[in-house]
Structures are given as structure tokens and as C-alpha cells.
1. Being surrounded by fewer than 17 Cβ atoms within 10 Å (Cβ to Cβ) and assigned to a loop (DSSP other than H, G, I, E, B) narrows it down to one of SER142, SER215, SER191, so name that one.
2. Can you tell which of VAL95, VAL145 is among the β-branched types (Val, Ile, Thr) and farther than 16 Å from CYS56 by Cβ?
3. I'd like to check something: does the range 29-43 contain any residue that is out of contact with any Phe, Trp or Tyr (no Cβ under 9 Å at 6 or more places or on another chain), within 21 Å of THR100 (Cβ to Cβ), open to solvent by less than 60 Å² (accessible area, probe 1.4 Å) and modelled with pLDDT under 90?
4. Give the residue, chosen from GLY94, GLY79, GLY107, GLY88, that is over 13 Å from PRO180 (Cβ atoms) and in contact with a Leu (Cβ under 7 Å, 6 or more places away or on another chain).
5. Just checking, does the range 55-63 include any residue being more than 27 Å from the chain's Cα centre (by Cα) and either over 25 Å from GLY173 (Cβ atoms) or surrounded by fewer than 19 Cβ atoms within 10 Å (Cβ to Cβ) (or both)?
6. For the range 109-130, enumerate the residues that are open to solvent by 30 Å² or more (accessible area, probe 1.4 Å) and in contact (Cβ under 8 Å) with a residue 60 or more places away in the chain.
7. Kindly indicate whether TYR168 is over 22 Å from VAL26 (Cβ atoms) and open to solvent by 50 Å² or more (accessible area, probe 1.4 Å).
8. Is there a residue being polar (S, T, N, Q) and open to solvent by less than 70 Å² (accessible area, probe 1.4 Å) anywhere in the range 336-347?
Amino acid sequence: MEKYHQIWFAFGTLALLAVSALADDVVVLTEDNFEKEVGQDRGALVEFYAPWCGHCKKLAPEYEKLGSSFRKAKSILIGKVDCDEHKGVCSKYGVSGYPTIQWFPKGSLEPKKYEGPRTAEALTEYVNTEGGTNVKIAAVPSNVVVLTADNFNDIVLDETKDVLVEFYAPWCGHCKNLAPTYEKVATAFKSEEDVVVANLDADKHKDLAEKYGVSGYPTLKFFPKGNKAGEEYEGGRDLDDFVAFINEKSGSSRDGKGQLTSKAGIVESLDALVKEFVAAGDDGKKAVFSRIEEEVEKLKGSAARYGKIYSKVAKNCMAKGADYAKNEIERLQRMLQKTISPAKADEFTLKKNILSTFA
């Protein structure tokens, strides 16, 4: 999948941060922390929103871009309040519609309502003016592969990839609402080499949209390795819905943050042998180990890679004793709590999951 991302990034900025991290740049404000964060030693722009509000969903990617832009500006806070959950705060500041955006000057809890356009550019200009800063809009990398007439067949019809495609139109409100969630889906699966999350401007490429029977927007179609005619995606439009669908169809084991789940790396045919291995005595372990190696030789694709880990763990258990798996799990858990690359996190999680079957 990396080569497709490289194609896309040629048109923009190289990704240094995952898009899913952008939401962390917008401070989540609550009843408990509002006055600890706002009205202190920095100016604050606060969005009061409701999770079900269509205009709020449309604003979300722009507001996250704003948060990313001001991430390093120590004199500015970009925050948001869920008014469904924290009604008292929203009532206190006179919020009666969503989204409401208010500016709180440094050291003040007397807000000024923002009445301008709801774009990252306009909001940045406003915060710069009110806060005396000179921040530029951050370039936001995307993990959604952009399809065109030139690359559609190469990417979507690739028999080695499972490809989810959103056919959208730039003017479509539902498409705009879906955009931030769809970006998070792409980010969650960016490390899966066999999975591609892509979109196509169907307004610009009407011939491709017609070829695949697209008549409304957004239309989502899944093109698995074994069916390049495509099949309609009819599931929910929440992040968890998409993640569950792709995991089921592709055999991946990711959560909404892109992290491997506890099921990742587990091979059922080997699990049964591991139970025998753990229960056997020292002499019996050698016989079961031979069967584990035989089973590993039969595995294909990613399962073959996981099988090699099973084999290595079994060998170490025989050489280092019964506590090897438990001690190694504890070591890997400590490593996972440190700041490490996504690739390393995947590697350690796979090993930890497989080790747990021996513990």
C-alpha cells in the first residue's frame, strides 16, 4: 500500500503525523476542566457542539486542522465542548444553537461570539487577530488514496488488495459529513499492506461512476481480492462500523486507532497444538514442537509470518523454561508503553498476542 500513498503524497505534504492525532490538538473541555483551561494565561477559541449536529460534523475537519495549526502556539488554546454531555457549561455561556464558537481573551471568562466563515483559513485569521499570533495553516496529510481515471484500474483492480472506494461529489453534504470519519478509517488501516481505503470524485469522473452503477452520493463499494466487480457497502457510517467490516472481509485485526487488537497474529490451527505443547512434559514438548513446525510449513501469506513467531516462541520455551513466555510478555508490555513507531508497536503486539497462548 505504501507505493499508493507515495503517489498521493507527491501531490501534497509528506505525512509526519497520523491524521487521527489531529483531534488530540483540540482540547476536550468538560464541566471539570473548563475554567482550569479557559480564562487562564492564554486566549481560547471554543467550539460548543452537539454530536448529532450536521453543521458540527461539517465543521469538524476544519476545526481539527485549526487545532493542528495552533498546536505549538503556547499562547492559544483551541478547545471544544460536547453540549449533550456538558449542558451546564453550554448553558452558562448562553449557547442555544450548534455549533457556537466563542473567543475567550487571555485571563477572561467573558466570551466574544465568532460570527465569521467556518473554514480553517477564516478561523486562523480570526485567532491570529484576537490572540496576536502569526500562525499559518498546517498542511494536513491524508491517508485516503485519491483515485483518478489514470490510476483506478491499477489500484482498485489489483488482485492482491482489498479496496474500499467512496464515490463522492464535492458539493454533496453527506460526503462532507463522512469525510473526517473516512479519513480515520484510512489512517486506521494505513499499515495494512493488503488494504486500501480510497475515494473517487464521481462528479469529475462520471464515466467510472456510471460503470459501477453509482447514482447517489456518497456510494461506497468494496473490491475484495476475489471480486473485482465490486460489492455494495451497506454497513453503518461510524468508524467502528467501517473497522469491523474491513477486519471481517480482509482478515485484519485493527481497532479504530489503527492499533492491533488482541486477536492479531493468532492462528487457530496452531493454537490447538500450543495447548498440547504447554500441557506436555519436557520429552513430549519436543514431539509437539515438530508438529508445530510441520503446521507452520503449510501456512501461506501473513499466517506464515505469524507461524514463524509461534515456532520461535516454542523453541525458546524449551530452551529457557516455563517462565519464558510470562517474562517476555511483561518485557514487551513495558516496551509498548514507551514512545515507539507504529511498525514497532505492531511487531511487539503480534509477539505479545502469540506469547499469551503459551503463558
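1. Just a single option satisfies the conditions, and that option is SER215.
2. VAL145
3. No: zero hits.
4. Every option except GLY79 fails the conditions.
5. No, the range 55-63 has no match at all.
6. LEU109, PRO111, ARG118, TYR126, GLU130
7. yes
8. yes
The values are calculated or read from the model by the stated rules, or taken from the named source; none is laboratory data. What you see is a predicted model, and the numbers here were worked out from it, not measured in a lab. Neighbour counts run over all protein chains shown; Cβ positions are idealised from the backbone, glycine included. With ligands, DNA and RNA removed, areas are computed over all heavy atoms of the protein, side chains included. Shrake-Rupley method; radii C 1.70, N 1.55, O 1.52, S 1.80 Å.
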